[in-house]
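Enquirer: Quick one: the structure is below, and I'll ask about it shortly.
The values are calculated or read from the model by the stated rules, or taken from the named source; none is laboratory data. Source: prediction; values computed, not measured. Cβ placement follows ideal geometry from the backbone for every residue including glycine, while neighbour counts extend to all protein chains displayed. Accessible surface is based on the protein model in full, side chains and every heavy atom, while ligands, DNA and RNA are left aside. Shrake-Rupley method; radii C 1.70, N 1.55, O 1.52, S 1.80 Å.
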Amino acid sequence: MAGAAWPLPFAADFLPASLSLTLLLASLVAVLGLGIAAVFFEHIRKIGCMHSLERTAVSDAFFEDPGSLKKVPCPSIFDPAEKYISLIMPAYNEEFRLPEALTETLNYLKQRSVADKSFSYEVLIVDDGSTDRTSKVAFEYVKKHNIDNVRVLLLGRNHGKGEAVRKGMLHARGELLLMLDADGATQVTDLAKLEAQIHALSEKVGSSLAPSASSSQRLSDVEIAVFGSRAHLEKQALATRKWYRNFLMKGFHLVVLLTAGPGIRDTQCGFKMFTRSAARKLFTNIRLKRWCFDVEIVYLCKRLRIPMAEVSVSWTEIPGSKVRMTSILHMVFELLLIRVGYGLGIWKIYS
């Protein structure tokens, strides 16, 4: 009959085979894409839920005193400061690199405490589920220097550097809190540079506090973050690294810029100092547990309006790095988590 519509199956017979295949593939890609998106958003939601539980959970963590075999309850970042400075050192399978870093660090801290009786310190080694003798090596330093100055926090299983730093920060007693790597790549004496920058910024940021407030109170109350930086060594690093490593690192830095914005050139240097109140805000909000928690810290500083500064530090590449080429992919994935999690409001920021 003229003008009558053909049945769909009959009409489909006249579609070119290539077009039918294209439509089928497009449908499969669409379904696959929706499935991946659903899994991705569910992963972000679970991270947010886990963070909410961790924020409200009562900590049962403790330090073990190898001398008396007694368990010392962990203090909280919400408690008043008991030390001038806390050094948080995350460690995973570091039995060979840890001794030199600890010896150098403790010798420097002891020299400062002898020269200045008001200088009090603690070193927190956070063992992130090591499978070697890292904890035994660390406990030897606790025996030698006593548990008031050196403490070991055992996480049981491997969580990631970000979680190790977070746990150390939440159980530190210092007015100033410094995170530093267990490989000793950055000279511990450079902490004085970061410390001086915090004091300089505290005079500006804390000028609104009562004149009678002591400098120690101002350090605890003012929110400041100062980051060690290797940006001044970039040209030298580019000249010595292979071309594909430079290409990947440049790409990674571009994604970091798009995620956290400009301002900090070297987000990945493992040498960062915070005032106690800044650490309290940042490390009760942080979600990422592995590679890109540093970028999340910068992002949170901007969102929470915590003043930041970047200070050049000495740095030496130490053999035994745990960063692999495949780690770059994991880093990019975590940067995407930051952008989507916070950007869409799935992850809440508590001030």
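Enquirer: Quick one: TYR141 ticks every box in (1) more than 24 Å from LYS70 (Cα to Cα); (2) part of a helix (DSSP H, G or I) except a single one, so which number is it?
Expert: (1)
Enquirer: Something else about it: Within the range 97-119, which residues are of a type in the set (Asp, Glu) and over 24 Å from the mean Cα position of the chain (by Cα)?
Expert: Within the range 97-119, just ASP116 meets the criteria.
Enquirer: If you don't mind, another one. Do we find a residue being of a type in the set (Val, Ile, Thr), modelled with pLDDT of 95 or more and closer than 19 Å to GLU163 by Cβ anywhere in the range 290-297?
Expert: yes
Enquirer: For the range 169-188, does any single residue satisfy the condition of being at pLDDT 95 or above, of a type in the set (S, T, N, Q) and touching a helix residue (DSSP H, G or I) at 6+ places or on another chain (Cβ under 9 Å)?
Expert: No: zero hits.
Enquirer: Out of ARG339, ARG305, ARG287, ARG245, report the one residue that is in a helix (DSSP H, G or I), among the basic types (Lys, Arg) and at pLDDT 90 or above.
Expert: Only one candidate qualifies: ARG339.
Enquirer: Exactly one condition in (1) under 17 Å from GLU195 (Cβ atoms); (2) without any contact (Cβ under 8 Å) to a residue 40 or more places away in the chain is not met by THR103; state its number.
Expert: Here THR103 clears every test but (1).
Enquirer: Kindly establish whether LEU124 is out of contact with any Ser or Thr (no Cβ under 8 Å at 6 or more places or on another chain), open to solvent by less than 30 Å² (accessible area, probe 1.4 Å), at pLDDT 95 or above and under 29 Å from GLY156 (Cβ atoms).
Expert: Answer is no for this residue.
Enquirer: Filter the range 16-47 for residues that are open to solvent by less than 80 Å² (accessible area, probe 1.4 Å) and of a type in the set (A, V, I, L, M); which is modelled with the lowest pLDDT?
Expert: LEU19
Enquirer: ASP148 fails exactly one of the following numbered conditions: (1) assigned to a loop (DSSP other than H, G, I, E, B); (2) within 24 Å of the chain's Cα centre (by Cα). What is the number of that condition?
Expert: It fails just one condition, (2).
Enquirer: Condition (residue is open to solvent by 20 Å² or more (accessible area, probe 1.4 Å), over 13 Å from VAL298 (Cβ atoms), touching an Asp or Glu at 6+ places or on another chain (Cβ under 8 Å) and at pLDDT 75 or above) applied to the range 251-273: is it met by at least one residue?
Expert: no
Enquirer: OK, next. For the range 111-122, state whether one or more residues are part of a strand (DSSP E or B) and touching a helix residue (DSSP H, G or I) at 6+ places or on another chain (Cβ under 6 Å).
Expert: Yes, the range 111-122 contains at least one residue that is part of a strand (DSSP E or B) and touching a helix residue (DSSP H, G or I) at 6+ places or on another chain (Cβ under 6 Å).
Enquirer: If you go through the range 143-160, how many residues are buried (at least 18 other Cβ atoms within 10 Å of the Cβ), in contact (Cβ under 8 Å) with a residue 60 or more places away in the chain and on the phi < 0 side of the Ramachandran plot?
Expert: 6
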